[in-house]
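Read-outs: derived from the displayed coordinates by stated rules, not from any lab. Keep in mind it's a predicted model, so treat the numbers as computed, not measured. Using ideal geometry, Cβ is built from the backbone for each residue, glycine included, and neighbour counts are taken over all protein chains shown.
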Amino acid sequence: MLKDRNLIAPSDFSLEELDEVLSLAERIVQDPSAYAEACKGKILASLFYEPSTRTKFSFDAAMLRLGGSTLGFSDPNTSSTAKGETVADSARTVSQYADVIVVRHPKEGTAKLMSRYAECPVINAGDGGHHHPTQTLTDLLTMRHYKGGFDGLTVGVCGDLKFGRTIHSLVTCLARYQNVRFLFISPEELSMPAFVIEELRAKGVPFAETDDLEASISQLDVLYMSRVQRERFISEEEYLRLKDYFILTADKMALAKPDMIVMHPLPRVNEIATEVDKDPRAAYFAQVKFGMYVRMALIMKLLGIEEPQA
Ligand code: NCD
């Protein structure tokens with residue numbers, strides 16, 4: 001049973017709790033049909049105030065595959081938000097109908113705020129440029145699958161480190177494991193924010209910063225690519241100047257270790273050439289599938305659902 005009934009940032013879960021969720025996800029991957037009725041009669045509400053493909057659909061698919069039902073919106077203009085309802089009142093209301101709420105919002109802190117008013121667990125599916133903890137669960141499950149764990153890994157994180165919430169969640173979470181080292185690869189303008197850097201310094205986690213992907217790729221065990229977050233830029237001109245700063249190509253992959261994996265939370269815009277998709281080291285579409293299984297595990301854990309007997 002999890003101590004915290006909400007998931008707002010990865011730090012809400014202890015390493016033991018993270019392991020519980022990941023291990024359950026691994027058991028679900030082995031035999032998904034055994035869990036087909038685990039959440040029968042339960043309802044998941046997803047409130048998406050920002051666009052989504054994977055996160056929304058993977059939560060819906062996860063709940064449906066557990067035998068539960070879903071409701072929600074992906075366009076806030078079709079909800080009472082358009083009439084001026086506060087997110088606090090929406091949270092209070094929706095929690096009368098649903099057993100768990102998933103929320104994505106452009107404003108940092110919204111999921112946390114909603115969790116104070118909801119009478120059911122709240123899961124943060126992305127709050128502005130802050131955190132995206134369920135993408136981190138997805139990423140950890142993917143790394144466990146390909147790398148057997150996190151010990152001794154050199155993880156390169158490349159692209160928009162300033163606004164990339166998946167990156168903030170992943171790096172602060174991985175920093176809690178032993179013996180992980182980071183290489184932050186970005187243009188100066190998109191470098192890692194202070195709240196992440198300070199956390200790494202406080203924990204004594206080794207990291208370096210560079211703007212040269214080609215020169216650093218050979219050191220990496222994992223390369224985590226990300227898109228430049230257009231919607232969080234104030235200046236369109238600045239976005240256009242930076243958007244194609246890094247493009248991972250087959251030529252660059254030729255410089256990487258034979259067992260390095262490439263991850264990406266998706267959506268991809270232009271930062272990974274499609275020629276890389278057929279490289280066996282490209283893990284980003286497998287990552288999508290892991291995302292659904294780990295969300296099945298998370299929903300079960302947050303709702304306190306017992307594992308079906310074999
Ligand atoms: C990410 C997000 O929403 O932060 N998408 C996702 O959930 N996989 C990454 C992104 O939008 O770039």
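Taking a virtual spin label 7 Å from the Cα of residue 275 along the C-beta vector, which residues in segment 232-249 bring their backbone nitrogen under 20 Å of it?
Backbone N within reach: 244-249.
Once Rh for the chain is found with the Kirkwood sum over Cα pairs, what is the Stokes-Einstein diffusion coefficient at 37 °C and 0.692 mPa s, in µm²/s?
My calculation gives 165 µm²/s for D.
Which value in nm describes the separation of the simple spin-label points at residue 289 and residue 77, placed 7 Å from the Cα toward the beta carbon?
3.7
Using 0.36 nm times the number of residues separating residue 209 and residue 194, minus their current alpha carbon distance, what extension gain do you get?
Extra length available between residue 209 and residue 194 comes to 4.1 nm.
Where a Cα-Cα gap under 16 Å defines reach, which aspartates and glutamates qualify for residue 289, not counting those fewer than 8 residues away within the same chain?
Output for residue 289: 26, 31, 60, 139, 277.
Given segment 133-288, what count of lysine pairs have C-alpha atoms under 19 Å apart, with each pair 8 or more places apart or on different chains?
Pairs that pass both the separation and distance tests number 5.
How far, in nm, would the chain grow between residue 116 and residue 4 when pulled straight, counting 0.36 nm per residue and subtracting the alpha carbon separation? List each step's numbers first, then the result.
On the way: separation 112, 0.36 × 112 = 40.32 nm, distance 1.26 nm.
Separation in residues times 0.36 nm, less the Cα-Cα distance, equals 39.1 nm.
Do you know the relative contact order of segment 105-237, to the nearest whole percent, from alpha carbon pairs under 8 angstrom that are 6+ apart? Don't skip to the end; give the middle numbers.
Working: 209 pairs, mean separation 32.6, N = 133.
Taking the mean separation of contacting Cα pairs over the length of segment 105-237, I get 25 percent.
About the Cα centre, and with charges only on the beta carbon of Lys, Arg (+1) and Asp, Glu (-1), how big is the dipole of segment 133-288? Nearest 20 debye, please.
For segment 133-288, the charge dipole is close to 600 debye.
Rounded to the nearest Å, what's the spacing between the alpha carbon centres of segment 247-310 and segment 147-177? Just the number, please.
Cα centroid to Cα centroid, the span is 13 Å.
Could you calculate the FRET efficiency of residue 93 with residue 15 from 1/(1 + (r/R0)^6), where r is the beta carbon distance between them and R0 is 25 Å, rounded to 0.05? Intermediate results must be reported in sequence, preceding the final value.
Numbers: r = 35 Å, r/R0 = 1.41.
About 0.10, to the nearest 0.05.
Using a Förster distance of 35 angstrom, determine the FRET efficiency expected from the C-beta separation of residue 151 and residue 40, and round it to 0.05.
Computed FRET efficiency for residue 151 and residue 40 comes out at 0.35.
Could you tell me the calculated FRET efficiency between residue 255 and residue 231, based on Cβ-Cβ distance and R0 = 30 angstrom, to the nearest 0.05?
0.40
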